[in-house]
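The values are calculated or read from the model by the stated rules, or taken from the named source; none is laboratory data. For clarity, every value in this text was computed on a predicted model and none was experimentally measured. With ideal geometry, Cβ positions are generated from the backbone for all residues, glycine too; neighbour counts draw on all protein chains shown. When the accessible area is computed, the model is the full protein with side chains, heavy atoms only, and any ligands, DNA or RNA have been set aside. Shrake-Rupley method; radii C 1.70, N 1.55, O 1.52, S 1.80 Å.
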Amino acid sequence: MTMKRLIVPAGVAVAALAPGVASAKPPTAAHARAYEKAYREVSQKLGPRVPGRNIIKDGRKDHRAVTDAQTVASLRVLERMLVPGTPTTSAVSTLASSAGVTAAGAGASGLPACASESGGNYSTGASNTNASSGATGRYQILPSTAAAYGCSLATAAGQDACAQTIYQHQGASAWVGCGG
C-alpha cells in the first residue's frame with residue numbers, strides 16, 4: 001500500500017488548530033462608534049497626531065482585518081488618554097505588565113525600561129533625531145506630541161516629565177520598543 005503525503009500550507013494548519021483566530025469577529029457597530037467618538041475627542045483635546053492610527057477608518061498597518069477585541073483594547077487606550085491623572089505605583093506596574101514590559105531599570109520615573117528608545121541619550125541634536133519621523137531625545141518623542149501635552153524636550157528633566165505624562169495617558173504602548 002502506497003501512502004501519499006498531504007501537504008497543508010502553514011496558515012491552513014494554524015486555522016484548523018485555532019478556529020477562533022481565523023474567525024475573529026469584526027468590530028461591532030457600537031464599539032466602532034465608541035472608538036470613533038473617543039478618537040475624535042483625543043484628537044481635539046491633545047492634537048491630531050497623538051492618538052495615532054485610526055484603526056476603524058484606516059485599518060491595521062499590516063492590512064489585516066481589525067477585530068472587535070482589538071477595537072475594544074484600542075478604545076480603552078483612547079479613554080485613558082482622555083482622563084488625566086497620576087497613576088499610583090501599582091497602576092504603573094499594572095500598565096507595564098499588561099504591555100508585557102517591566103519597570104526594572106526604568107529609573108525613579110516609573111517608566112518601563114523599553115520607553116528609553118535611544119539608549120538613554122537625551123540629546124535632541126541631529127544624531128539622536130529620527131530622520132523620517134522627527135522623534136527625538138531619550139524617549140524618541142515627536143515634537144508635535146510634546147506640544148500637544150504642553151511639554152518641553154529641551155532638557156533631560158523636561159523629557160522625563162513629558163515621557164511620564166505620555167505614559168500616564170497612553171501606557172507603554174506609546175513606545176515601539178514596548179510593543180506599541
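Worth a mention:
- On the stretch given as the range 104-142, residues that are at pLDDT 85 or above, on the phi > 0 side of the Ramachandran plot and crowded, with 18+ Cβ neighbours inside 10 Å total 2.
- For the range 143-172, a residue qualifies if it is more than 20 Å from S43 (Cα to Cα), in a helix (DSSP H, G or I) and either open to solvent by 30 Å² or more (accessible area, probe 1.4 Å) or in contact with a His (Cβ under 7 Å, 6 or more places away or on another chain) (or both), and the qualifying residues are A156, A157, D160, A161.
Each row is one residue, and each column tells you yes or no for (1) of a type in the set (D, E); (2) in contact with a strand residue (DSSP E or B) (Cβ under 6 Å, 6 or more places away or on another chain); (3) at pLDDT 80 or above; (4) under 27 Å from Y149 (Cα atoms).
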site	(1), (2), (3), (4)
M1	no, no, no, no
I7	no, no, no, no
A30	no, no, yes, no
R40	no, no, yes, yes
S43	no, no, yes, yes
P87	no, no, no, yes
S93	no, no, no, yes
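- Close pairs (8 angstrom Cβ cut-off, 6 or more residues apart or separate chains): in contact (Cβ under 8 Å) with a residue 12 or more places away in the chain and under 16 Å from R80 (Cβ atoms) in the range 154-170, among the hydroxyl-bearing types (S, T, Y) and outside any helix (DSSP H, G or I) anywhere: A163/S109; A163/Y139; Q164/S109; T165/Y149; I166/Y139; I166/Y149; Q168/T86; H169/Y149
- Residues in the range 62-78 that are under 13 Å from the mean Cα position of the chain (by Cα) and open to solvent by 30 Å² or more (accessible area, probe 1.4 Å): Q70, A73, S74, R76, V77.
- Among the residues of the range 123-142, just one is without any contact (Cβ under 8 Å) to a residue 24 or more places away in the chain, touching a Gly at 6+ places or on another chain (Cβ under 8 Å) and in a loop (DSSP other than H, G, I, E, B), namely S123.
- Criterion violated by V72 - all others in (1) modelled with pLDDT of 85 or more; (2) more than 23 Å from L142 (Cβ to Cβ) satisfied: (1)
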